[in-house]
Amino acid sequence: MNRQPGVKTQQREATTADQTRAALVHAALKLFGRQGFDGTSTREIAAEAKANIGSIAYHFGGKEGLRNAAADHIVDTIQGIAGQALGGAQAAAPLDPEAARAQLFAALERMVSFVVASPQAGEIVQFVLRELSHPTAALDRIYAGVFEPTHRRLCHIWEQATGEPAESEATRLTVFTMIGQVIYFRIGREAVMRRMGWREIGNAEAAKVVAVTTDNLRAMLAARRPAVGKKGKS
């Protein structure tokens, strides 16, 4: 009489498989970002993940599938962070100008907290920079899942805060500058630490970055208050 696997055994096997899959994705994210896709072998990824090399084909169908899985991990991670500060990509309830401004400040602070201070962000940014330099299908996934909807949502909030049209060229460029000032503290991390005399960029240093970037945002919004008044008079 054949015994069927018990529920606990099946759950244990599923958990082990999930752990292996997660370890491979993290290893790929790290190594692809550091060495590039072509410069990283499946053997190196398996060794980094402490997994059997055959598990890459088993879980992802191969190296290309693993790169796509790493891109999906980035999308899931950033969607979770952005969602806490911005709400859904298509938030139904309109915000009054003050509430919209408050949401922009909250989003900026959240962005700095993750991008500047989180070690995880370093691996994500390295991976994305590689993709931006040599675009593949992985960048398509990241753009569609993160870049476009997050930028569009910020533009929508900007319109509610200032009265400037969300999809105008000026608004889209303004939002890019708001994001870009934060990203520099990650991609220029070594230069920033040397110039500032910092040994690291941790929570204390990130708080100083928040203070400056929010001052910048406050000045940008103050310069646009007349636009809100004009819209109300029309």
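The values are calculated or read from the model by the stated rules, or taken from the named source; none is laboratory data. Predicted model only: the values in this text are computed from it and were never measured. Please note: Cβ atoms are built from the backbone with ideal geometry, for glycine as well, and neighbour counts cover all protein chains shown. With ligands, DNA and RNA removed, areas are computed over all heavy atoms of the protein, side chains included. Shrake-Rupley method; radii C 1.70, N 1.55, O 1.52, S 1.80 Å.
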| said: Considering only residues that are in a helix (DSSP H, G or I) and at pLDDT 95 or above, which ones fall in region 191-203? | reply: Ala191, Val192, Met193, Arg194, Arg195, Met196
| said: Tell me yes or no: at least one residue of region 157-176 is within 30 Å of Arg67 (Cβ to Cβ), assigned to a helix (DSSP H, G or I) and in contact (Cβ under 8 Å) with a residue 40 or more places away in the chain. | reply: no
| Subset of region 165-194 (residues that are open to solvent by 40 Å² or more (accessible area, probe 1.4 Å) and either over 16 Å from Met111 (Cβ atoms) or of a type in the set (Gly, Ala, Ser) (or both)) | Pro165, Glu167, Glu169, Ala170, Arg172, Leu173, Glu190, Ala191, Arg194
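Every residue, every condition in (1) surrounded by 13 or more Cβ atoms within 10 Å (Cβ to Cβ); (2) in contact with a helix residue (DSSP H, G or I) (Cβ under 9 Å, 6 or more places away or on another chain); (3) not in a helix (DSSP H, G or I), yes or no:
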site	(1), (2), (3)
Leu66	yes, yes, no
Asp76	no, yes, no
Gly83	yes, no, no
Glu98	no, yes, no
Arg101	yes, yes, no
| message | Going by what's in this entry, would Ala137 be described as surrounded by 14 or more Cβ atoms within 10 Å (Cβ to Cβ) and of a type in the set (A, V, I, L, M)? | response | no
| task | Return yes or no: is Phe105 of a type in the set (Phe, Trp, Tyr), open to solvent by less than 60 Å² (accessible area, probe 1.4 Å) and in a helix (DSSP H, G or I)? | result | yes
| remark: Of the conditions (1) farther than 30 Å from Gly163 by Cα; (2) open to solvent by 20 Å² or more (accessible area, probe 1.4 Å); (3) modelled with pLDDT of 95 or more, the single one that Thr9 does not satisfy is (3)
| task | Determine whether Lys208 is in a helix (DSSP H, G or I), modelled with pLDDT under 95 and over 18 Å from Pro94 (Cα atoms). | result | no
